[in-house]
Amino acid sequence: MESQARASVATPIPMRLICPSCMSLHIDEGEFATRPHHTHACQACGAVWRPAIVATVGVRFLPGFRNEPAWEREEREATVKEVTRNEVRETLTGAPD
């Protein structure tokens, strides 16, 4: 049980870190990508902050999530807009299109 607790503490949690000063995405690279650490320094403005009380690592993409291509996002957003338009029309007229 104790060895599991040590292992979880030693493994940094991947996070999308945004600098609180300049709003730049902070990505840990090289040895910092896997080394547990609490304090992060922005590569853009030099601000230093601690995003959590546990060890973290700044990543470009969260594990398990894929980078959604722009065409898929646009298609999804267009579908949502069309559904919303139809719902408003039905509410105002009392009848479906």
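Since every read-out is calculated from the coordinates, none of them should be taken as a lab result. A quick note: this is a predicted structure, and the numbers were derived from the prediction, not measured. Note that we place each Cβ from the backbone using ideal geometry, even for glycine, and neighbour counts take in every protein chain shown.
Taking amide H as placed 1.01 Å from N in the peptide plane, Ser24 has its amide H under 5 Å from the amide H of Cys19, each at least 5 places away in sequence or on another chain. In this simple spin-label approximation, Glu29 and Thr93 carry label points 7 Å from Cα along the Cα→Cβ vector, and these lie 5.5 nm apart.
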